[in-house]
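The numbers here are math on the coordinates, done by the rules we state, and not lab data. Remember, it's a predicted structure, so these values are computed and weren't measured experimentally. Heads up, the Cβs are rebuilt from the backbone with ideal geometry, glycines too, and the neighbour counts pull from every protein chain shown.
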Amino acid sequence: MTLIDELNQLEREAMAALDGVENLAALAEWKSAFLGKQGAFSRLSRGLGALPAAERPAAGARFNAARAALEQALEQAEARLKDAERQHAFEAEQVDVTLPGRAPSVGRLHPTTQILRTIYSALGEMGFQVWESPEVETDEFNFQLLNMPPDHPARDMWDTFYLETAPGEPTLLLRTHTSPGQIYAMRANAPNPVRAILPGKCYRYEQVTARHEMQFYQVEGIAIGERISFADLKGTLVAFAERLYGKAVRTRFRPSYFPFTEPSVEFDIECFLCSGEGCRVCKHSGWLEILGAGMIHPTVLRNGGYDPEQVSGFAFGMGPERVAMLRYGIDDIRWFFSGDERFLQQF
Ligand code: DAH
């Protein structure tokens, strides 16, 4: 067999092998087997040197032509395979545009936020402006200025989280109620009249139950000026209840005790769950307490910078979660801090 015969055979073999190549990886193998530096073509072309000088030019030309033919075939195969791979990818990534879409889930306001806003607008329309005061308080503001000196027995009404403080530093605590905010609002306005509400979060060292949480909101309210009376307090709170629960709502005041008010009351709304029949939520009383209130104690007025001989005032402190429970029919306060989407999606 002459060198040219061998070349012809190699060319046929290579072309036949190329037809069987089905992907780019196999094509790379084909290329190195036939056209690579150590490939069959290079090996065969080494035989050119052994030919008689007269045959060499023609044989060399034939080798060049064969190599060019194989390279061209390689290029074509490469183009064909790339096309096929792209086509394959298109098919694999096809999107069914007729499938119904998935709606993105949209956030919403927490029921506490919603009820706070309702409270702001109900009381805002009666002329109350919104104030805020710190969540970390001193013993002085949380208790003493509210007429509870150290060791006052009424402090037991508020189970308190204390913060660690260095010896000699003032005692710090998480406020147990928003009432210390009264002092800030008074001092900023005395001796002028003031009508303000102070919303915010409070904390108590409590056994957590359906009605009690360790963290909850309160909205404090004060109204101070000349001749403000208990009738003003009652009128304001009843109007507030009607605004939130409708004109037909049944309410009641009960005498109570708070060190910072005299006289003091608690304000109840008919239980939403049993309509006054008595159930688990209202502890079988038919009523739910939503706030404490009263006429501001003269000592507290004085601590706020007012002269109790000149002015009087009322104050109240309500639990917005309680207000929301009544308004939306929620039977357990723990839902508010559960973060449970099934609960939140309902508002
Ligand atoms: N601070 C009281 C509490 O947390 C609620 C309260 C009662 C607030 C009477 C008042 C008030 O402003 O006058 O239980």
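Things worth noting here:
- Other residues within the sphere of radius under 10 Å centred on the Cβ of VAL21, judged by their own Cβ, net out at -2 (K and R +1, D and E -1).
- Most fluctuating residue given options SER42, SER133, SER229, as computed from a GNM of the chain linking Cα atoms under 10 Å: SER42
- Going from the residue with the fewest nearby Cβ atoms within 10 Å to the one with the most, THR2, THR261, THR112 rank THR2, THR112, THR261.
- Additional length obtainable on full extension of the chain from ALA65 to LYS201, 0.36 nm per residue less Cα span: 40.1 nm
- Test item: Cα-centred dipole of the chain, Lys/Arg +1 and Asp/Glu -1 on Cβ, debye: 500
- Reducing the range 70-120 and the range 272-295 to their Cα centroids gives an inter-centroid distance of 54 Å.
- FRET efficiency, 1/(1 + (r/R0)^6) with R0 51 Å, evaluated for ALA188 and ALA89 via beta carbons: 0.15
- For the residues GLU75, GLU213, GLU135, a GNM of the chain with alpha-carbon springs under 10 Å puts the largest fluctuation on GLU75.
- Taking trypsin sites (Lys or Arg not before Pro) across the range 1-70, the ones in a DSSP loop with at most 14 further Cβ atoms lying within 10 angstrom of their Cβ are LYS37.
- Candidates SER256, ILE197, PHE337 compared by Cα position along the dipole of the chain: farthest toward the positive end lies ILE197, with charges placed on Cβ.
- The chain - Cys residues lacking any other Cys C-beta under 4.7 Å: CYS202
- Dipole of the chain [Lys/Arg +1, Asp/Glu -1 at C-beta], most positive-end residue of LEU273, HIS177, LEU301: LEU273
- LYS82-ALA33 FRET efficiency (beta carbon distance; Förster radius 22 Å; 0.05 resolution): 0.60
- What the Cβ-Cβ distance of GLU226 and GLU125 gives, at R0 = 30 Å and to the nearest 0.05, is a FRET efficiency of 0.85.
- Working note: 222 nm ellipticity from helices only, DSSP H runs with n ≥ 4, each -39,500 (n - 2.57), summed and divided by the residues of the chain, gives -12000 deg cm²/dmol to the nearest 500.
- Whichever lysines have a C-alpha closer than 29 Å to that of LYS82, once near sequence neighbours (fewer than 8 apart) are set aside: LYS31, LYS37
- Rounded to the nearest 20 debye, the dipole magnitude of the range 271-347 is 100 debye, with +1 charges on Lys and Arg beta carbons, -1 on Asp and Glu beta carbons, and the Cα centre as origin.
- Loop-resident GluC sites (Glu not before Pro) (DSSP state other than H, G, I, E or B) in the range 264-347 with no more than 11 further Cβ atoms inside 10 Å of their Cβ: GLU277, GLU309.
- Our summary gives the range 203-347 a relative contact order of 29 percent, counting only alpha carbon pairs under 8 angstrom and 6 or more residues apart.
- In this simple spin-label model, placing a label point 7 Å from the Cα along the Cα-to-Cβ direction at both ALA26 and LEU344 gives a separation of 5.5 nm.
- Cross-link reach is defined here as a Cα-Cα straight distance under 20 Å, omitting same-chain residues fewer than 8 places apart; for LYS247 the lysines meeting it are LYS234.
- Only one residue of PHE216, SER133, ASN23 has its Cα farthest out toward the positive end of the dipole of the chain, where Lys and Arg carry +1 and Asp and Glu -1 on Cβ, and that residue is ASN23.
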